[in-house]
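Below: the structure, in structure tokens.
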Amino acid sequence: MKSPIKSILINPARSLSRRKIKGGTTIPAGYPAEAYNYLEPGLDLNEYLVGKGKRNNRCTWAVHSGMTGAGIDIGDLLVFDISLKPTKDRIGLYWYEDEFTLRRAVPTEGGLELVSPNPEVKPINVGEDEVVECQGVLTHAVKKYSVYNNNYAGLPENAGTYLEKGIDYVKYLVNRWQFTFYFWANGVSMTGDNIDTGDLLIVDSMEEPHPDSICLFVVDRQYTLKRIEYHGYKTWLVSSNPAIPPIEIKKGDELGRWGVLTAVVKKYI
């Protein structure tokens, strides 16, 4: 009989898209770097997020503070491998007091301590006579943007459809094939948005930006990932790390918005 807890997790769709998006160079989430032509082959997002273990792939959304931390925010789509064993270095999805929680399992003399990646969440002490099952080990977290910072504290409206039919990560992340590209983040200037070196960036060159959108700009033929702000007659490209000064766009500088950041994929294993 299928576990009622595991059935809450979303399976991959029976038939997954195999279409690749175009790839480019590393994008500094900091100071600009030379904008090269696309250097990498296309990327299949389903292959990247599912890998070869489709039967072991599951996902769900982070819906409360016990599922946040380690670069994860409420609203992020969390991807798991149910075949992997939890360790103190891996983040596992546990069922505790009738809800999911993300934890690292640390053995203790009296049993087990489940430590949250969110430092504001107290550890859970599990005695030797208690049973806590790990539902899966975290492999990726997906941040999908529409109006940035418009986070929701629950499942999206179409979560039921995904539960019924399964998820196709390509269709979940890509709206316009011919205008969607991937890059890799490098640097610390966007760490305030939980964007770190090595993260996969999904950029739509035709997306309409919102006032708070993170965009990929080209400044004098150099890429940089920033927000844009206008102060009087001055234009600034601003990071989310207060230690990184903004870039003032001066008269004569060539500034272009290459595209809008629509998603970030963080890898944990």
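The values are calculated or read from the model by the stated rules, or taken from the named source; none is laboratory data. None of the values given here were measured: they were computed from a predicted structure. Every residue, glycine as well, gets a Cβ built from its backbone with ideal geometry; the counts of neighbours run over all protein chains shown. Areas reflect the complete protein model, heavy atoms only, side chains present, ligands, DNA and RNA absent. Shrake-Rupley method; radii C 1.70, N 1.55, O 1.52, S 1.80 Å.
Brief remarks on what is shown
- The distance from the alpha carbon centre of the range 226-269 to that of the range 101-116 is 40 Å, rounded to a whole number.
- More than 24 Å apart - percent of Cα-Cα pairs taken over the range 144-269: 33 percent
- Restricting the range 184-266 to GluC sites (Glu not before Pro) in coil, as DSSP defines it, with at most 14 other Cβ within 10 Å: Glu254
- Shown here for the range 209-263: chymotrypsin sites (Phe, Trp or Tyr not before Pro) in loop regions (DSSP other than H, G, I, E, B) with at most 11 other Cβ atoms within 10 Å, namely Tyr233.
- Cα point-scatterer Debye curve for the chain, base-10 log of I(q)/I(0) at q = 0.07, 0.08 Å⁻¹: -0.28, -0.36
- Radius 14 Å from Cβ of Ala141, net charge of other residues (Lys, Arg +1; Asp, Glu -1): 0
- Mean Cα-pair separation over length for the chain, i.e. relative contact order, pairs under 8 Å, 6 or more apart, %: 22 percent
- By accessible area, using a 1.4 Å probe on protein heavy atoms only, the chain has 49% of its surface on carbon and sulfur.
- Surface per residue (accessible, 1.4 Å probe) for the chain, Å²: 53 Å²
- Selection from Pro119, His64, Ala185, by position along the positive dipole direction of the range 56-205 (Cβ): Ala185
- Counting only residues at least eight positions apart within a chain, or on another chain, the lysines with an alpha carbon under 29 Å from that of Lys250 are Lys226, Lys234.
- Within-9-Å neighbourhood charge of Pro246 [Cβ basis; K, R +1; D, E -1]: -1
- The range 37-133: mean projected area of Cα convex hull, nm²: 8.4 nm²
- For Asp199, net neighbour charge (Lys/Arg +1, Asp/Glu -1) across residues whose Cβ lies under 11 Å away: +1
- The charge dipole of the range 109-217, taken about the Cα centre with unit charges on the Cβ atoms of Lys, Arg (+1) and Asp, Glu (-1), comes to about 600 debye, rounded to the nearest 20.
- Taking Cα centre as origin and charging only the Cβ of basic (Lys, Arg, +1) and acidic (Asp, Glu, -1) residues, the dipole magnitude of the chain rounds to 1000 debye.
- The helix-based estimate of mean residue ellipticity at 222 nm for the chain, built from -39,500 (n - 2.57) per DSSP H run of four or more residues and divided by its residue count, is -1500 deg cm²/dmol to the nearest 500.
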